[in-house]
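Engineer: Questions regarding the structure given below will be posed in turn.
The values are calculated or read from the model by the stated rules, or taken from the named source; none is laboratory data. The model shown is predicted, which means the values in this text are computed figures rather than measured ones. Note: ideal-geometry Cβ built from the backbone for every residue, glycine included; neighbour counts use all protein chains shown. Only protein heavy atoms, including side chains, enter the accessible area calculation; ligands, DNA and RNA are left aside. Shrake-Rupley method; radii C 1.70, N 1.55, O 1.52, S 1.80 Å.
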Amino acid sequence: MLKIENLYASVGDKKVLNGLSLEVKAGEVHAIMGPNGSGKSTLASVLAGRPGYTVDKGTVTYEGKDLLGLEPQDRAHEGIFLGFQYPVEIPGVNNVYLLKAAVNAARKHKGLPEVDAFDFLGLVREKMKLMKMDESFLSRGVNEGFSGGEKKRNEILQMLVLEPKLAILDETDSGLDIDALKIVAAGVNSLRSAERAVVLVTHYQRLLDYIVPDFVHVLARGKIVRSGDRTLALELEKRGYDWVLEDAA
Amino acid sequence: MSAVLSERIVEEHAAAASGLPSSVVSAERRTRALEILRTSGLPTARDDNWKYANLRALEKNSFRSLATESRRKVAPSDLPPAIAGYARYVFVDGAFAPELSAAAAHAGVTVKAVASSGAQSGNAASDRSGSASAGAGLRSGAPSVVGTAADAGAAARGDERFALLNEAFAVDGAVVHAPKGADCAACVEILFVATEAAQSAASYPRLELQVEANARVGLIERHVSVGNDANFVNGVVQVNIAAGAQVDHYRLQQSGAHATWFDTLTATVEKDARYCMQFVSVGALSARTTSRVQLVGPGAEAAVHVVSLADGQQVHDGFALIEHVAANTKSETTLRGIAAGRARVAFNSKVVVREHAKGTDSKQSLRGLLAGTQAEIDVRPQLEIYTDDVRCNHGATAGKLDDNMLFYLLSRGIEKDIALQLLKWAFLEDVVSRIAVPELRKHIEQVLAGQMKETAALKELL
């Protein structure tokens, strides 16, 4: 589904990714871990097409297409979803309106008619229940006045409604208490299927207790220095990152 | 102002003086207004509070007002649709047009056109001429706008000189009166229509709103143009709100694309009364609004919320002064302005806290959005405080749309042009969403969407 080969990327003058390679197949959940400043969020941003990030070298192929040649909105239409580390507040744009506009944009791309407003609201309500979100959310502005946890839950709600093929979740667990973490994890797990893939960018092993990954990768100095299964995350929790970095050096 | 211009004002007035009704402004007051204008002139770009206004058009304008019989015919179909629940009174080039007006009963509130005997009243039984009232200058002989709140010297020095120009030439005026305790939340719309080309004559709208104790009034004041001529409109509005009363004043400036539209508003708010003014400005090539709200009684409150949308070569300039005179008064001034193309949106907000106004609470939030590479935003919040124990917040920003917000929308698959429209909309919605009357809010949203041109993105929001 996603193939990253020898990717070099920079933010301004700063080189952040230094020859990163990663392959994600449909049905898989990959966790990307690593110390602060290792390039985790940069990877997520480059995949979603955030402005300000320059790809210096390498290729990213998504479902056989050159992903880097697509605009952010086109990546979304193709089924990529970025869960933001810091979801943006947009007062004045209603949550439901955004969801509907997003769903309809994707449908238009596929040549499908717009969703029925009534059915759509029903779907949103159902997903909101799963995310344990209050009804009042429907009438509020996008993330407006939300707590940190509410914002993260809202990201997952958007993901559930948009049903992406590839979800890239950038530190979706940061700032969540244990109850909220469980809700978010349940949301992500409900989307797991043989056709979809998830890339979890996270600092902590804790999230992986609830969303069990197929692969765990350690990112350091802009490249993947070690890959393994779930047990690698447990080992990292016990021993920290230093031993991996030393091994890699 | 050049001496040539003030001489011309005096000459044009002399030629028309005999036809100007003294019921609107007495001959004496007109002469006095002219005298001040002759000596101090109209403001120029050198005046601190006027440097962003576009005053050039005045050089070519005629200042005379039209006699009623030479008014151009306006058909009802030329007018924007009425808003449900509001009785409409129409003034064409400053003079009452009964044939276009549709009166309705509205809780004892009366509306009168000062000059015309054909004035309509929503409640004939409570014809209030001669009755005692809270405000000064209400008798039909002398509805005085500038004189009640400021002495002539202050007006000459200050920013209200365009009000004097109105006083000199006005042909008619609307007086809206709400008696004690009247409850008329969706009440009247005063629609001012300009038709004349500025080279031949000017339009001088006048509106006086007198609200007695504990009354509640919702008023729409709207300015439009009919025909394609570039009008010169110079209005005056005076609002007096007695103790405990509440006024929602919605002002819509939708003048024609070539118009020069100026106005001067003064308001006094007494004890525990509340004045909420929402000004939506989309029209005119050059618009300038000058307002002064005085909180004269303890516990008085005022809110001035302004939305300004300018595109092309439009210049929208505003000066809003709020004076906290009494203790424990509260005010809020908000601007949300978008300048696209080569347009300019300027807004100068000033809060003055007088020495007896302890416990004042004031907020100023001025935000301008640049939506064109050659557009200009000038926002300036000012504070003058002569006492302590006050809370005064102020903030001003001018900039482009937030890149993070834009990327967030794009990452959800929203097309770029739609995302940009949405964000502009969201920027204004902050103020528009405060319009409490759903019908009116919808209407104003449609006016704004129309001005923003590409409305496809917004269709579901309207």
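Engineer: With a 1.4 Å probe and all protein chains in place, put A:221, B:367 in order of accessible area, largest first. Please list the in-between numbers first.
Structural biologist: Details: A:221 145, B:367 95 Å².
So the residues, ranked largest to smallest area, are A:221, B:367.
Engineer: To the nearest 0.05, what FRET efficiency results for residue A:116 and residue B:355 with a Förster distance of 45 Å applied to their C-beta separation? Spell out each step's value before the answer.
Structural biologist: Values: r = 63 Å, r/R0 = 1.40.
My answer for the efficiency is 0.10.
Engineer: For residue B:225, enumerate residues with amide H under 5 Å from its amide H, sequence gap 5+ or separate chain, H modeled in the peptide plane.
Structural biologist: Long-range HN contacts for residue B:225: B:194, B:256.
Engineer: Then there is this: So, taking all protein chains as they sit and a 1.4 Å probe, how much accessible area belongs to residue B:22, in Å² rounded to tens?
Structural biologist: Surface open to solvent at residue B:22 totals about 70 Å².
Engineer: Still on this structure, I have one more. Treating the angle as unsigned and between 0 and 90°, give the value, to the nearest 10°, between the Cα long axis of helix A:230-239 and the longest Cα principal axis of chain A.
Structural biologist: Between helix and principal axis, roughly 60 degrees.
Engineer: What relative contact order, as a whole-number percentage, does chain A give when Cα pairs under 8 Å and 6 or more residues apart are counted?
Structural biologist: Numbers: 452 pairs, mean separation 68.5, N = 249.
Answer for chain A is 28 percent.
Engineer: Holding the Cα-Cα limit at 28 Å, pick out from A:25/A:182; A:25/B:424; A:223/B:416; A:100/B:442; A:14/A:165 the pairs that are longer than that.
Structural biologist: Numbers: A:25/A:182 25 Å; A:25/B:424 40 Å; A:223/B:416 32 Å; A:100/B:442 21 Å; A:14/A:165 31 Å.
Exceeds cut-off: A:25/B:424; A:223/B:416; A:14/A:165.
Engineer: With everything on Cα atoms, drop me the angle between helix A:148-162 and the longest principal axis of chain A, reported from 0 to 90° to the nearest 10.
Structural biologist: 80 degrees
Engineer: Let me ask you something else. Using a 4.7 Å Cβ cut-off, which Cys residues in chain B lack a partner cysteine?
Structural biologist: When partners are defined as cysteine Cβ atoms under 4.7 Å apart, chain B leaves B:276, B:392 without one.
Engineer: Lys/Arg Cβ at +1, Asp/Glu Cβ at -1, dipole of chain A taken about the Cα centre: which of A:47, A:205, A:59 is farthest positive-ward?
Structural biologist: A:59
Engineer: When only the heavy atoms of the protein chains count and the probe is 1.4 Å, how do A:107, B:88 rank by accessible area, highest first? Mind showing how you got there, number by number?
Structural biologist: On the way: A:107 70, B:88 20 Å².
Largest accessible area first, the residues go A:107, B:88.
Engineer: To continue, here is another question. Mind ranking A:47-58, A:111-122 by how tightly packed they are, going by the mean number of other C-beta atoms within 10 angstrom, highest first? All intermediate terms of the calculation are to be shown ahead of the outcome.
Structural biologist: Numbers: A:47-58: 16.3, A:111-122: 11.2.
In descending order of packing, they fall as A:47-58, A:111-122.
Engineer: Let me ask something else about it. Provide the gained length on full extension for the span residue A:246 to residue A:214, in nm with one decimal, where the gain is 0.36 nm per separating residue minus the Cα-Cα distance. Could the numbers behind the result be given before it?
Structural biologist: On the way: separation 32, 0.36 × 32 = 11.52 nm, distance 2.47 nm.
Going from the current span to full extension adds 9.1 nm.
Engineer: Where a Cα-Cα gap under 18 Å defines reach, which lysines qualify for residue B:271, not counting those fewer than 8 residues away within the same chain?
Structural biologist: B:180, B:330, B:358
Engineer: Can you compute the label reach from residue A:229? Point 7 Å from Cα along the Cβ direction, backbone N cut-off under 14 Å, restricted to region A:1-41.
Structural biologist: The answer is A:29, whose backbone nitrogens lie closer than 14 Å to the label point.
Engineer: Work out the FRET efficiency for residue B:45 and residue B:199 from their Cβ-Cβ distance, taking R0 = 22 Å, and round it to the nearest 0.05.
Structural biologist: Working: r = 22 Å, r/R0 = 1.00.
Taking R0 as 22 Å, the efficiency between residue B:45 and residue B:199 is 0.50.
Engineer: Longer than 23 Å from Cα to Cα, which of A:151/A:238; A:110/A:151; B:73/B:112 are they? Say none if no pair is.
Structural biologist: On the way: A:151/A:238 30 Å; A:110/A:151 29 Å; B:73/B:112 21 Å.
Violating the 23 Å Cα-Cα cut-off are A:151/A:238; A:110/A:151.
Engineer: Could you give the nm distance between label points at residue B:403 and residue A:139, where each point is 7 Å from its Cα heading toward the beta carbon?
Structural biologist: 3.7 nm
Engineer: At q = 0.09, 0.10, 0.17 Å⁻¹, what log₁₀ I(q)/I(0) does a Debye calculation on the Cα points of chain A give, no solvent, two decimals?
Structural biologist: Debye intensities relative to I(0), on a log10 scale: -0.38, -0.48, -1.37.
Engineer: What percent does the relative contact order of chain B come to when contacts are Cα pairs within less than 8 Å and at least six residues apart? Walk me through the numbers on the way to the answer.
Structural biologist: Numbers: 1227 pairs, mean separation 47.2, N = 462.
Relative contact order of chain B: 10 percent.
Engineer: As a check on your grasp of the helix formula, calculate [θ] at 222 nm for the protein assembly as shown: sum -39500 (n - 2.57) over DSSP H runs of n ≥ 4, divide by the residue count, round to the nearest 500.
Structural biologist: On the way: 17 runs with 182 residues, N = 711.
One gets -7500 deg cm²/dmol as the mean residue ellipticity at 222 nm.
Engineer: Moving to a separate point now. Rounded to the nearest 0.05, what FRET efficiency is calculated for residue A:55 and residue B:416 with R0 set to 22 Å and r the Cβ-Cβ distance? The partial results should precede the final answer.
Structural biologist: On the way: r = 20 Å, r/R0 = 0.92.
E between residue A:55 and residue B:416, to the nearest 0.05, is 0.60.
Engineer: What ³J(HN,Hα) values, in whole Hz, does the Karplus curve 6.51 cos²θ - 1.76 cosθ + 1.60 give for region B:70-75 when θ = phi - 60°, with x put for Gly and Pro?
Structural biologist: Values per residue, Gly and Pro as x: 9, 5, 6, 6, 10, 8 Hz.
Engineer: Would you rank A:88, B:4 by solvent-accessible area, highest first, keeping every protein chain in place and using a 1.4 Å probe? Provide the component values of the computation, followed by the final result.
Structural biologist: Working: A:88 20, B:4 110 Å².
Order by accessible area, largest first: B:4, A:88.
Engineer: Which residues does the label zone of residue A:126 cover in region A:155-183, counting backbone N under 12 Å from a point 7 Å along Cα→Cβ?
Structural biologist: A:161, by backbone N distance to the label point.
Engineer: May I ask you to evaluate 6.51 cos²θ - 1.76 cosθ + 1.60, the Karplus curve with θ = phi - 60°, for each residue of region B:319-327 and list the ³J(HN,Hα) values in order in whole Hz, giving x for glycine and proline?
Structural biologist: Whole-Hz 3J(HN,Hα) from phi for region B:319-327: 9, 10, 10, 10, 10, 8, 9, 9, 6.
Engineer: May I ask which residue of A:176, A:24, A:83 lies farthest towards the positive end of the charge dipole of chain A, with charges of +1 (Lys, Arg) and -1 (Asp, Glu) on Cβ and the Cα centre as origin?
Structural biologist: A:24
Engineer: Using a/c under 1.5 as the rounded threshold, could you call region A:1-93 rounded, prolate or oblate? The axes a ≥ b ≥ c are square roots of the C-alpha gyration tensor eigenvalues, and prolate needs a/b larger than b/c, oblate otherwise. Don't jump to the answer; show the numbers that get you there.
Structural biologist: On the way: a/c = 1.38, a/b = 1.11, b/c = 1.24.
Taking the square roots of the gyration eigenvalues as a ≥ b ≥ c, region A:1-93 is rounded.
Engineer: State the antiparallel share, in %, of DSSP beta bridges confined to the protein assembly as shown, rounding to the nearest 5. The partial results should precede the final answer.
Structural biologist: Working: 32 of 181 bridges.
Looking only at bridges with both residues in the protein assembly as shown, the antiparallel portion is about 20 percent.
Engineer: Using only Cα atoms, find the angle between the long axis of helix A:178-191 and the longest principal axis of chain A, and express it within 0 to 90 degrees, rounded to the nearest 10.
Structural biologist: Between helix and principal axis, roughly 80 degrees.
Engineer: Sticking with this one: Regarding chain B, what is the average projected area of its C-alpha convex hull, in nm²?
Structural biologist: Numbers: hull surface 82.4 nm².
Value for chain B: 20.6 nm².
Engineer: Which shape class, rounded, prolate or oblate, goes with the protein assembly as shown when its Cα gyration tensor gives a ≥ b ≥ c as root eigenvalues, a/c under 1.5 marks rounded, and past that a/b bigger than b/c marks prolate?
Structural biologist: Details: a/c = 2.54, a/b = 2.47, b/c = 1.03.
Prolate, since a/c reaches 1.5 and a/b exceeds b/c.
Engineer: Which one of B:284, B:177, B:307 has its Cα pushed farthest toward the positive end of the charge dipole of chain B, where Lys and Arg give +1 and Asp and Glu give -1 at the Cβ?
Structural biologist: Most positive-ward Cα: B:284.
Engineer: Working from the pairwise distances between different alpha carbons, so that the mean of 1/r is found and then inverted, what is region A:46-129's Kirkwood radius in Å? Numbers along the way, then the final one.
Structural biologist: On the way: mean 1/r = 0.0667 Å⁻¹.
Answer for region A:46-129: a Kirkwood hydrodynamic radius of 15.0 Å.
Engineer: For region B:247-279 and region B:203-236, what is the centre-to-centre distance using only Cα atoms, to the nearest Å?
Structural biologist: 8 Å
Engineer: From other protein chains only, count the Cβ atoms within 10 Å of every residue's Cβ in A:85-98, then give the mean. Mind dumping the intermediate values first?
Structural biologist: Working: counts 0, 2, 2, 9, 4, 10, 6, 14, 11, 4, 0, 0, 3, 5.
Mean partner-chain Cβ count within 10 Å for A:85-98: 5.
Engineer: Another question about this same structure. How far apart, in nm, are two points set 7 Å out from the Cα along the Cα-to-Cβ line at residue B:385 and at residue B:102?
Structural biologist: Result for the modelled spin labels: 5.0 nm.
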